[in-house]
Structures are given as structure tokens and as C-alpha cells.
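The values are calculated or read from the model by the stated rules, or taken from the named source; none is laboratory data. These figures come from a predicted structure and were not determined experimentally. With ideal geometry, Cβ positions are generated from the backbone for all residues, glycine too; neighbour counts draw on all protein chains shown.
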Amino acid sequence: MTIRFLFITLIFILVRNTIFGQTKQDSTEIRQAALDYIESQHLPNPSQMERALHPRMVKRTFWKDKATGKDYLRETSTESMILLAESYNKNGDKFPSSPKKEVKILDASERTASVKLIADEWIDYMHIVKLNGTWKIVNVLWQFNDTKQH
């Protein structure tokens, strides 16, 4: 029974990897794209941010208009994020000395992945795509841990 179970488990793993095609290298590269995104803000390092993002990436969050009290979606582009990486933490005072950067791959297939990045003050949900052999972030939906900050 044990040998049979091991054989069936091995077949399942082989079939799963053949069908879904996501490799250990892909997991490493997906994780690195998410780390490049957050670490580029820590350092600051705009080229690291640029390496992580697809040129047409869109980052969104909900925000509250102070005048009307209504919620709306706020969007940021790749260009804005590269500028942010260059200037946001220029004085080195925006993050703790050992910033939190927990990356969880929620789902991954051969060319797409969903990732959750847990940072100090916020959470980012990312869609990452493999184009021309490189994993790039194409969508980010984020929120502060304390949603009253929005």
C-alpha cells in the first residue's frame, strides 16, 4: 500500500508540473519581482523598480475624497512608481531599519501569478505575468493596514 501511494503521489506531481509548467525558477523570479518592487522603495533605486514593472502596469487603491466623503479609485502608473522609487525614501526615514517584506505566492501557473506582498504599513496584491521569459508586475491593488489612512 505504501509503495502504491508513493507511486501515485509521484505520478500526480509529474502530471501537475507538466500541466501547469511553473518551475522552482519561476517561483524564485516571481518572488524577486515583488521584492524588487518593495526594495526599490526602501533603497531608493528607480532602475530596480523599472525592472519589476511592466511599462503598462497600473496600481490602484481606494481613497476618500475629503470634500464629499465619497470613496473612489486612485491610480498610479509605472512612470509614477519609478519616480517614487527615486524620491520617496531619499532621506532614509520612510521605513524601519529592518522593513517588513513578506511575499506570498497565492497562485501561479506557467505564465501568470497572483502574489500578496505584506509590507510595514500596507498590503499589495499583485498580478505578475511572464512575457518574453521575464516576470513583470502588471497590476497592483493595495491598501494601508489602517484603512482610515486612505
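Just one of the numbered conditions (1) surrounded by fewer than 17 Cβ atoms within 10 Å (Cβ to Cβ); (2) among the hydrophobic types (A, V, I, L, M, F, W, C); (3) part of a strand (DSSP E or B) is not true of LEU83; which one?
Every condition holds for LEU83 apart from (3).
At pLDDT below 95 and within 28 Å of SER109 (Cβ to Cβ): does that describe LEU6?
yes
Which numbered condition in (1) among the aliphatic types (A, V, I, L, M); (2) closer than 15 Å to GLU39 by Cβ; (3) in contact (Cβ under 8 Å) with a residue 40 or more places away in the chain is the only one that ILE128 fails?
It is condition (2) that ILE128 fails.
As an exercise: evaluate THR78 against (1) touching a strand residue (DSSP E or B) at 6+ places or on another chain (Cβ under 7 Å); (2) among the hydroxyl-bearing types (Ser, Thr, Tyr); (3) surrounded by fewer than 17 Cβ atoms within 10 Å (Cβ to Cβ) and give the number of the one condition it does not meet.
(3)
Being modelled with pLDDT of 95 or more, among the charged types (D, E, K, R), more than 19 Å from GLN149 (Cβ to Cβ) and in contact with a helix residue (DSSP H, G or I) (Cβ under 6 Å, 6 or more places away or on another chain), is that true of even one residue in segment 32-48?
yes
Please work out which one of (1) surrounded by fewer than 14 Cβ atoms within 10 Å (Cβ to Cβ); (2) under 11 Å from the mean Cα position of the chain (by Cα); (3) touching a residue at least 40 places away in the same chain (Cβ under 8 Å) is the condition LEU106 fails and give its number.
Failing condition for LEU106: (3).
What number of residues within segment 66-113 are within 20 Å of ASN145 (Cβ to Cβ) and hydroxyl-bearing (Ser, Thr, Tyr)?
4
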